[in-house]
Amino acid sequence: LAHPGETGGEPLQVVVAPVRSLLQPQLKGLGDLEPVELRPGGEAELETVARRLTDMAYARVDLVTKRGEFAVRGGILDVFPPTEEHPLRVEFWGDEIEEIRTFAVADQRTIDKVERLFAPPCRELLLTDSVRAKANQLTTEHPQLSEMLDRIAAGIPVEGMESLAPALLDGSDSLELLIDTLPGNTHVLLCDPERIRTRA
């Protein structure tokens, strides 16, 4: 939405969204965060790339099976961006990127060579130092949420953590709605207004 056409596809013409996603506040400027972009023949430090993926709320795991996960084994980086059909395997030789291939989740075998890895943020709430500190503080105030808040404080992405964004981010000016990111001349169509009212 923020940069139409820059992800390799055509600019968006239509956005279909459930009413709950329209009502859920998100981090302002999320679309302006720099994605991780790697190409064969380019250079990057593997640990720096891993740190950037963690900052963008990718979960570091031993074996990549779901979108939003990444794994590091020796000079190999596996990443499953939320925009891809298959995860990608990046082979490093020192700081040089030798090859990027897609691979199958089921048997972890490589499929095809690709020209680049494009990994945008995979969450609407980024686990910055201030967010983690706030989660740690809220744990004592809201013990019923301690399991989720403890994981956020440790820098581990949790399903549903975006619902806590208003409490974890400083000030309402750091949040915006999806509708705020759309161009001014956008037409909004409501499909089944009665059901939308109920869900909202």
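Here are the numbers for this structure:
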read-out	value
Subset tally (residues that are in a strand (DSSP E or B) and either open to solvent by less than 40 Å² (accessible area, probe 1.4 Å) or over 25 Å from E96 (Cβ atoms) (or both)) for segment 58-71	4
Hey, I179 open to solvent by less than 60 Å² (accessible area, probe 1.4 Å), at pLDDT 85 or above, within 20 Å of L23 (Cβ to Cβ) and assigned to a helix (DSSP H, G or I) or not	no
P193 vs. criteria closer than 26 Å to P18 by Cβ and open to solvent by less than 30 Å² (accessible area, probe 1.4 Å)	no
One residue from R67, R132, R89 being among the charged types (D, E, K, R), under 27 Å from P25 (Cβ atoms) and free of Cβ contacts under 8 Å to residues at least 40 places away in the same chain	R132
Cβ-Cβ under 6 Å pairs, at least 6 apart or on other chains, segment 35-47 side surrounded by 12 or more Cβ atoms within 10 Å (Cβ to Cβ), far side among the acidic types (D, E)	P40/E99
Lone qualifier among E115, E147 - being open to solvent by 40 Å² or more (accessible area, probe 1.4 Å), outside any loop (DSSP other than H, G, I, E, B) and at pLDDT 85 or above	E147
Residue check, E159 closer than 24 Å to L53 by Cα, surrounded by 14 or more Cβ atoms within 10 Å (Cβ to Cβ) and either touching a Leu at 6+ places or on another chain (Cβ under 7 Å) or among the acidic types (D, E) (or both)	no
Residue within segment 93-111 that is open to solvent by less than 40 Å² (accessible area, probe 1.4 Å), in contact with a Gly (Cβ under 7 Å, 6 or more places away or on another chain) and not in a loop (DSSP other than H, G, I, E, B) present	yes
All positions within segment 72-81 that are open to solvent by less than 50 Å² (accessible area, probe 1.4 Å) and either over 23 Å from E96 (Cα atoms) or not hydrophobic (A, V, I, L, M, F, W, C) (or both)	G75, D78, P81
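The values are calculated or read from the model by the stated rules, or taken from the named source; none is laboratory data. Small disclaimer: the values here were computed from a predicted structure and weren't measured. Ideal geometry is used to build each Cβ from the backbone, glycine not excepted, and the neighbour counts take in all protein chains shown. With ligands, DNA and RNA removed, areas are computed over all heavy atoms of the protein, side chains included. Shrake-Rupley method; radii C 1.70, N 1.55, O 1.52, S 1.80 Å.
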